[in-house]
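Since the structure comes first, as structure tokens, the remarks are kept for the end.
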Amino acid sequence: TAYLDRIDALNPQLNAFITVDRAKTLAEAAAADARRAAGNAGALTGVPIAHKDIFCQQGWKTSCGSKMLDNFIAPYSAHVVEQCQAAGLVTLGRANMDEFAMGSSNENSFYGAVKNPWDLHAIPGGSSGGSAAAVAARLAPVATATDTGGSIRQPASHCGVTGIKPTYGVVSRFGMVAYASSLDQGGVMAQTAEDCALMLNVIAGFDERDSTSLERAKEDYSRDLVQPLAGLRVGLPREYCAAGLAGDVGRIIDNAVAELKKLGAEVVEVSLPNTQLSIPAYYVIAPAEASANLSRFDGVRYGHRASEYKDLVDMYEKTRAEGFGSEVKRRIMVGTYVLSHGYYDAYYIKAQKIRRLIADDFKAAFASCDVILGPVAPTAAFNLGEKSGDPVQMYLSDIYTLSVNLAGLPAMSVPAGFSDNGRPVGLQIIGNYFGEARMLNVAHQFQ
Ligand code: GLN
């Protein structure tokens, strides 16, 4: 009730939630109480959670930030939501996001931009800006989120919370509205690495309904939290101190590295030479996959349908013209273009080759270190409206997050300091495949 009251008081300013339903939340809370009374409670039973509006949740509107799904009530729940329910977590509401998770500032939401709780003029980051703002403003202790090219880490960094994107395949994508399926991965945000570890224990695990879900033994992600860092080798990529990195962000990262050294870490310089190419490669591959995934929104099966049309093709056209926002349309056009005959080899295949080179860069780097450290974004949160008219400027701000998704690696953002204008800045910790527990250990010791 305290969280619901706080949401009522602050959400009108922050716009972190698209849907709040007090009656539903209270019913879930009562069920959690009953479970506790019956002696069936787990560690997180009764803990409130906000779900990013990309995870289908039975009986709840699941809009994915789009007019296209503004009337869509999910008939089933995503694997991640099912796991949370099984653990007894109580749904507080559905968090705002960029439309179909396309964006870095949350300004692409059909429901309006989310405000950064630290400074209402600043973007919260995107696409999981609602999740990050909700956790930062204490509207929820934890939130689910997804990361296709940085959408957990970058908003976590800009809002001063902790966020983890697991190794691709560790968290099932079943029931998660697809953006770019080979890059999309669910994860969580919370105040601390410890809370993230406990949540990852809930949402990770094999699910046969996602063909890329990995069949591995269950892990306890909190097992290494208290391990000392002596002997840890941290890699600093030369390319991450590039031109374009703001001075204040660079200083915060330097201080974080110094702090980890004091805790026993040893620093090694590594190189990720294809970092610059992650932007063009990602912004070919992600739109290509999106153009295929979003073809399902045709007005026939679910979601928005134009009210007047001449024939079937006219219905498709009007439905999609009305239902999608401009960034989504831009990506569908780019995606269909790079997949079309005559351009496929020049763009799509080339981008896939670069993707391999990027994964190989990480493989070489991890030969000499255990985790890689760097910034999450080149600057602290920029102002609302500052980049919304210039998509390329917006894409360039994803430079430090995209490579991780292209390689399928796990990564985190951990609060590390404040910019010259008082906005939070996160430290990025990149792990090797299945290195979540090690990353969480580093983050916990740092915190
Ligand atoms: N900013 C990136 C994009 O717009 C990443 C988004 C995401 O991770 N969902 O595609």
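Some notes on this structure:
- Förster-model FRET efficiency, 30 Å R0, Leu26 and Lys310, C-beta, rounded to 0.05: 0.05
- By other beta-carbon atoms within 10 Å, ranking Leu272, Leu339 with the fewest at the front produces Leu339, Leu272.
- Label point of Tyr76 set 7 angstrom out along Cα-Cβ; within region 169-191, amide nitrogens under 17 Å from it belong to 172-178.
- Additional length obtainable on full extension of the chain from Leu263 to Val300, 0.36 nm per residue less Cα span: 7.5 nm
- Each Lys or Arg adds one and each Asp or Glu takes one away; over the other residues whose Cβ falls under 14 Å from the Cβ of Val270, this sums to -3.
- In region 2-203, a dipole from Cβ-located charges (positive for Lys and Arg, negative for Asp and Glu) runs towards its positive end, and of Gln83, Ala136, Gly149 it is Gln83 whose Cα lies farthest in that direction.
- Order of His158, His121, His79, His51 - criterion: other Cβ atoms within 10 Å of each residue's Cβ, fewest first: His121, His79, His51, His158
- Total charge dipole magnitude, the chain, about the Cα centre, Cβ charges on Lys, Arg, Asp, Glu only, Debye to nearest 20: 200 debye
- Rounded to 0.05, the FRET efficiency of the Ala364 and Gln276 pair, given R0 = 22 Å and the Cβ-Cβ distance, is 0.85.
- For region 36-118, the dipole from Cβ point charges (+1 on Lys and Arg, -1 on Asp and Glu) about the Cα centre works out to 240 debye, to the nearest 20.
- Among Met394, Met199, sorting on how many other beta-carbon atoms sit within 10 Å of each Cβ, with the fewest leading, yields Met394, Met199.
- Linear extension gain, Asn383 paired with Asp8, 0.36 nm per residue minus alpha-carbon span: 132.5 nm
- Fraction of beta bridges assigned by DSSP in region 2-203 that are antiparallel (%, nearest 5): 65 percent
- Distance (nanometres) between label positions extended 7 Å along Cα→Cβ at Gln447 and Arg216: 2.1 nm
- Segment Ala246-Tyr337, extension gain: residue separation times 0.36 nm, minus the distance between their alpha carbons: 29.3 nm
- Each part reduced to its alpha carbon centroid, region 80-136 and region 23-70 end up 15 Å apart.
- Inter-part distance where region 433-447 and region 233-277 are each reduced to a Cα centre, Å: 17 Å
Quick note: the coordinates plus some simple rules give every number you see, no bench work behind them. Only a predicted model underlies this, so the values are computations on that prediction, with no experimental measurement involved. Cβ atoms come from the backbone with ideal geometry, glycine included; neighbour counts cover every protein chain shown.
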